[in-house]
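*Asks:* My questions will all concern the structure given below.
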Amino acid sequence: MSVLIGEAELHQQLLARNEEFRKLAAEHQSYDRQLELLSHRHHLSDEERMQEITLKKKKLLLKDQMYSMVQKYRKEMKTEIRP
């Protein structure tokens, strides 16, 4: 019998158990906060626009890394469950 665990629960388990995942998540949140601050400005300078683009790319890269870790963790869990 297979037990399906949702993405959110796997994410929480990794936050609790994996230091690298916690660091990635903290960095992702930091970029998110910086982007939120930029989004409240009425006009962005060219430098701020470049900063916004860079932050979005970095945030996406972190999200991809975190997703890969979640998928790897899911596979490891399935392997452990099998008899």
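The values are calculated or read from the model by the stated rules, or taken from the named source; none is laboratory data. This one's a predicted model, so the numbers in the text were calculated from it and none came from an experiment. Cβ: placed from backbone, ideal geometry, glycine included. Neighbour counts: every protein chain shown.
*Asks:* Hey, could you check the range 57-73 for residues that are of a type outside the set (A, V, I, L, M) and surrounded by 14 or more Cβ atoms within 10 Å (Cβ to Cβ) and say which is farthest from Arg33 (Cα to Cα)?
*Replies:* So, considering only residues that are of a type outside the set (A, V, I, L, M) and surrounded by 14 or more Cβ atoms within 10 Å (Cβ to Cβ), the one farthest from Arg33 (Cα to Cα) is Tyr73.
*Asks:* I've got another one for you. Of the residues Val70, Val3, which is assigned to a helix (DSSP H, G or I) and modelled with pLDDT under 95?
*Replies:* Val70
*Asks:* Taking the criterion of being among the small types (Gly, Ala, Ser), in contact (Cβ under 8 Å) with a residue 12 or more places away in the chain and surrounded by 12 or more Cβ atoms within 10 Å (Cβ to Cβ), would at least one residue in the range 5-27 satisfy it?
*Replies:* Checked against the condition, which is being among the small types (Gly, Ala, Ser), in contact (Cβ under 8 Å) with a residue 12 or more places away in the chain and surrounded by 12 or more Cβ atoms within 10 Å (Cβ to Cβ), the range 5-27 yields at least one hit.
*Asks:* Let me ask something else about it. If you go through the range 31-65 one residue at a time, how many are within 30 Å of Glu7 (Cβ to Cβ), of a type outside the set (A, V, I, L, M, F, W, C) and assigned to a helix (DSSP H, G or I)?
*Replies:* Count: 16.
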